[in-house]
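Trainee: There's a structure below that I have some questions on.
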Amino acid sequence: MDGSAFAAKGKLRTLLGDGFWDDIRGKVVLDFGCGEGAEAVEMAQAGAEHVTGLDIQPALLEKARARAEKAGVADRCRFMTTADQPVDVVTSFDAFEHFDQPEKILLIMHGLLKPGGKLIASFGPTWYHPLGGHLVSVFPWAHLVFSEDALIAWRADFKDDGATKLREVAGGLNQMTIGRFERMVRESPFEIELLEEVPIRRLKALHSKLSREWTTAIVRARLRKA
């Protein structure tokens, strides 16, 4: 959660492996939910032909543009709140647990891909992970122990954005489970190339089909538009 897991190899290599660079090299890429643009800039540096970062928060996009300028890839990176040009690859990192309407977002991603294009996604923690409540998981599974109203009331002590539900907090939190994500992918028009659960390292021995909601660190997906 604090990024220390990515210190040795970098976030994208850790999440997706070295083969990911072959997927985006020479390709037009859309990073859906790009935030401050770290991954978009890294993909441009790794050889993507062009990367568009998409996010709904203008303040984050300004930071992303500054990051691309500093990295010397501003000519191959742009950051926007909307996108309508088809691309070779859509990427999504740490975002599917935040989208307000993830089923709808998945269809939008499908529509933004060229035929044969791919969606490559990685996200977590999911809802039943020990820290699945993100900021409101003050201790493991705290978000499951207390009611949503109690969590929001506690959060209001140090956040004044007026959120009354978890879905309304900055970035949103949709209580995504592994089962829900699997269902929405299988019901979508995508062809599944990979749908993988990566276990929490310390709970790997306990990881199984029955325990996966509680013992999965991240979910990886690789989907293809026919």
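The values are calculated or read from the model by the stated rules, or taken from the named source; none is laboratory data. This is a predicted model, so every value here is computed, not measured. Don't worry about glycine lacking a Cβ; one is built from the backbone with ideal geometry, like all the others, and counts go over all protein chains shown.
Trainee: Taking segment 64-93, which residues are of a type in the set (D, E, K, R) and over 13 Å from GLY37 (Cβ atoms)?
Mentor: ASP75, ASP84, ASP88
Quick grid of which residues meet (1) acidic (Asp, Glu); (2) farther than 24 Å from ILE56 by Cβ:
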residue	(1), (2)
GLU148	yes, no
GLU191	yes, yes
ILE200	no, yes
THR216	no, yes
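Trainee: Hey, among ARG180, ARG186, which residue is modelled with pLDDT of 95 or more, of a type in the set (D, E, K, R), buried (at least 16 other Cβ atoms within 10 Å of the Cβ) and within 19 Å of LEU107 (Cβ to Cβ)?
Mentor: ARG180
Trainee: Also: Is it the case that segment 198-212 has a residue that's among the aliphatic types (A, V, I, L, M) and under 16 Å from the mean Cα position of the chain (by Cα)?
Mentor: Scanning segment 198-212 turns up at least one residue that is among the aliphatic types (A, V, I, L, M) and under 16 Å from the mean Cα position of the chain (by Cα).
Trainee: Can you tell me which of VAL73, VAL136, VAL145 is in contact with a His (Cβ under 8 Å, 6 or more places away or on another chain) and surrounded by fewer than 22 Cβ atoms within 10 Å (Cβ to Cβ)?
Mentor: Among VAL73, VAL136, VAL145, only VAL136 is in contact with a His (Cβ under 8 Å, 6 or more places away or on another chain) and surrounded by fewer than 22 Cβ atoms within 10 Å (Cβ to Cβ).
Trainee: Oh, and also: Among the residues of segment 104-126, which ones are surrounded by fewer than 20 Cβ atoms within 10 Å (Cβ to Cβ) and in contact with a Ser or Thr (Cβ under 8 Å, 6 or more places away or on another chain)?
Mentor: Selection gives LEU107, HIS110.
Trainee: Does LEU210 meet the test of being surrounded by fewer than 16 Cβ atoms within 10 Å (Cβ to Cβ), closer than 16 Å to GLY132 by Cβ and out of contact with any strand residue (DSSP E or B) (no Cβ under 6 Å at 6 or more places or on another chain)?
Mentor: For LEU210, the condition - surrounded by fewer than 16 Cβ atoms within 10 Å (Cβ to Cβ), closer than 16 Å to GLY132 by Cβ and out of contact with any strand residue (DSSP E or B) (no Cβ under 6 Å at 6 or more places or on another chain) - is not met.
Trainee: Which condition does ALA38 not pass, out of (1) surrounded by fewer than 24 Cβ atoms within 10 Å (Cβ to Cβ); (2) within 26 Å of PRO125 (Cα to Cα); (3) in contact (Cβ under 8 Å) with a residue 40 or more places away in the chain; (4) small (Gly, Ala, Ser), if it passes all the others?
Mentor: Tallying (1) surrounded by fewer than 24 Cβ atoms within 10 Å (Cβ to Cβ); (2) within 26 Å of PRO125 (Cα to Cα); (3) in contact (Cβ under 8 Å) with a residue 40 or more places away in the chain; (4) small (Gly, Ala, Ser), ALA38 fails exactly one: (3).
Trainee: In segment 93-132, which residue that is assigned to a loop (DSSP other than H, G, I, E, B) and charged (D, E, K, R) is nearest to the chain's Cα centre (by Cα)?
Mentor: ASP94
Trainee: If a residue must be of a type in the set (S, T, N, Q) and under 23 Å from the mean Cα position of the chain (by Cα), how many such residues does segment 133-161 contain?
Mentor: Residues in segment 133-161 being of a type in the set (S, T, N, Q) and under 23 Å from the mean Cα position of the chain (by Cα): 1 in total.
Trainee: Within segment 87-98, can one find any residue that is surrounded by fewer than 22 Cβ atoms within 10 Å (Cβ to Cβ) and farther than 19 Å from VAL51 by Cβ?
Mentor: Yes, segment 87-98 has at least one match.
Trainee: If you don't mind, another one. Being surrounded by fewer than 19 Cβ atoms within 10 Å (Cβ to Cβ), under 16 Å from VAL90 (Cα atoms) and touching a strand residue (DSSP E or B) at 6+ places or on another chain (Cβ under 7 Å) is the requirement here; does ALA221 meet it?
Mentor: Spelling it out, it is not the case that ALA221 is surrounded by fewer than 19 Cβ atoms within 10 Å (Cβ to Cβ), under 16 Å from VAL90 (Cα atoms) and touching a strand residue (DSSP E or B) at 6+ places or on another chain (Cβ under 7 Å).
Trainee: How many residues, within segment 205-226, are outside any helix (DSSP H, G or I) and in contact (Cβ under 8 Å) with a residue 40 or more places away in the chain?
Mentor: Summing the residues that are outside any helix (DSSP H, G or I) and in contact (Cβ under 8 Å) with a residue 40 or more places away in the chain in segment 205-226 gives 11.
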